[in-house]
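J.: Following this message is one structure expressed as structure tokens.
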Amino acid sequence: MTTIVIYLLAAAVVFLGLVLAGAVRSMDDLGRRVKALEEGGGLPHRLPGGLSIGAPEPSFDLATLEGGRVRSAALSGRSHVIALADPGCEACDELVPQLLAAAAVERVPPVVAIAGSSRVPGEWSPPVGANGRAIVALDPDGTTAEAFGSDFTPHVFVVDAGGSIAAHGPAGNVAEVGRLLRDADGIRIVPGGPIDV
């Protein structure tokens with residue numbers, strides 16, 4: 001009986017050793033991929049998916065976190081940022097509060113963060129004093145994300161004053177949104193009041 005227990009324990013140790021070796025190999029592979037991305041300047045600003053540059057912004061009419069509505073028509077005539085994000089996505093949970101805060105103090109054009117859910121974390125609330133420059137809209141069925149042709153999050157779109165897509169891509173922080181703004185021919189801050197909701 002003790003011999004069987006010893007053999008079973010030995011087999012378990014060998015199995016766990018193989019699992020550990022596989023995990024180490026996977027971590028090494030992941031480390032090489034991260035290093036390659038870092039050496040290549042980070043994530044690309046264009047991934048498959050998303051409307052073409054120059055395409056018109058899709059129209060939308062969405063409920064806001066505060067209980068109102070935001071319509072794409074209210075954004076016409078000014079550049080703005082649309083950030084498609086999913087609560088629970090780590091990069092989204094980092095980006096959205098940063099982006100809303102930056103919009104509130106006019107570091108970036110007005111922002112509409114479109115959440116692919118009807119429930120969002122408290123950190124996603126627009127900052128006090130945002131004066132309508134930072135809005136969180138709810139798109140639980142994903143129809144707006146689909147209209148933008150997006151298949152990943154966070155996916156940020158820069159829309160010019162004429163209502164056309166000027167740049168888009170992934171962004172995990174405000175600095176990466178800044179790169180997208182530069183890609184959009186230098187769109188920075190458009191003076192003006194809040195987004196009409």
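J.: Quick check, is L99 closer than 16 Å to C89 by Cβ and either modelled with pLDDT of 90 or more or part of a strand (DSSP E or B) (or both)? First the steps, then the outcome.
T.: Numbers: closer than 16 Å to C89 by Cβ: yes; either modelled with pLDDT of 90 or more or part of a strand (DSSP E or B) (or both): yes.
Spelling it out, L99 is indeed closer than 16 Å to C89 by Cβ and either modelled with pLDDT of 90 or more or part of a strand (DSSP E or B) (or both).
J.: Let me ask something additional. Take the residues in region 155-188 that are assigned to a loop (DSSP other than H, G, I, E, B) and surrounded by 16 or more Cβ atoms within 10 Å (Cβ to Cβ); name whichever of them is modelled with the lowest pLDDT.
T.: From region 155-188, those assigned to a loop (DSSP other than H, G, I, E, B) are 160-163, 171-173, 184-188; that's our starting set.
Next, only the ones that are surrounded by 16 or more Cβ atoms within 10 Å (Cβ to Cβ) stay: 160, 163, 171-172, 184, 187.
Numbers: D160: 92, G163: 93, A171: 92, G172: 90, A184: 85, I187: 60.
Once the filter is applied, the top-ranked residue is I187.
J.: Which ones in region 102-153 are among the β-branched types (V, I, T) and in a loop (DSSP other than H, G, I, E, B)? Don't jump to the end; show me each part of the working.
T.: First pass over region 102-153, keeping only residues among the β-branched types (V, I, T): 105, 108, 111-112, 114, 120, 128, 135-136, 143-144, 153.
Once the filter is applied, which keeps residues that are among the β-branched types (V, I, T) and in a loop (DSSP other than H, G, I, E, B), region 102-153 yields V105, V108, V120, V128, T153.
J.: Which one is least open to solvent (accessible area, probe 1.4 Å), of the residues in region 50-69 that are closer than 16 Å to F148 by Cα and not in a loop (DSSP other than H, G, I, E, B)?
T.: Here is the first cut: in region 50-69, the residues closer than 16 Å to F148 by Cα are 50-62.
Narrowing the set further to residues that are not in a loop (DSSP other than H, G, I, E, B) leaves 56, 61-62.
Details: P56: 95, D61: 75, L62: 15 Å².
By that ranking, first place goes to L62.
J.: Based on what the data block shows, is P87 modelled with pLDDT of 85 or more and not basic (K, R)? Talk me through it step by step, then tell me what you get.
T.: Working: modelled with pLDDT of 85 or more: yes; not basic (K, R): yes.
Considered against the rule, which asks whether it is modelled with pLDDT of 85 or more and not basic (K, R), P87 comes out as yes.
J.: Now for a separate question. Checking the condition open to solvent by 70 Å² or more (accessible area, probe 1.4 Å), more than 16 Å from F148 (Cβ to Cβ) and of a type in the set (A, V, I, L, M), which residue from V120, V128 passes?
T.: One residue alone meets the criteria, V128.
J.: Of these, F152, F148, which one is within 18 Å of G49 (Cα to Cα), open to solvent by less than 20 Å² (accessible area, probe 1.4 Å) and in contact with a strand residue (DSSP E or B) (Cβ under 9 Å, 6 or more places away or on another chain)? Let's see the steps before the verdict.
T.: Numbers: F152 fails: open to solvent by less than 20 Å² (accessible area, probe 1.4 Å).
The match here is F148.
J.: Can you spot a residue in region 117-132 that is under 19 Å from I165 (Cα atoms) and either at pLDDT 95 or above or of a type outside the set (D, E) (or both)? Let's see the steps before the verdict.
T.: Kept after step one, since they are under 19 Å from I165 (Cα atoms), are these residues of region 117-132: none.
No: region 117-132 contains no residue that is under 19 Å from I165 (Cα atoms) and either at pLDDT 95 or above or of a type outside the set (D, E) (or both).
J.: Is it the case, given these coordinates, that S79 is among the polar types (S, T, N, Q), open to solvent by less than 10 Å² (accessible area, probe 1.4 Å) and touching a Pro at 6+ places or on another chain (Cβ under 9 Å)? Break it down stepwise before answering.
T.: Details: among the polar types (S, T, N, Q): yes; open to solvent by less than 10 Å² (accessible area, probe 1.4 Å): yes; touching a Pro at 6+ places or on another chain (Cβ under 9 Å): yes.
The answer is yes for S79.
The values are calculated or read from the model by the stated rules, or taken from the named source; none is laboratory data. All values reported here derive from a predicted model rather than from experimental measurement. When we count neighbours, we look across all protein chains shown, and the Cβ atoms used for this are built from the backbone with ideal geometry, even at glycine. Accessible surface areas use protein heavy atoms only, side chains included; no ligands, DNA or RNA. Shrake-Rupley method; radii C 1.70, N 1.55, O 1.52, S 1.80 Å.
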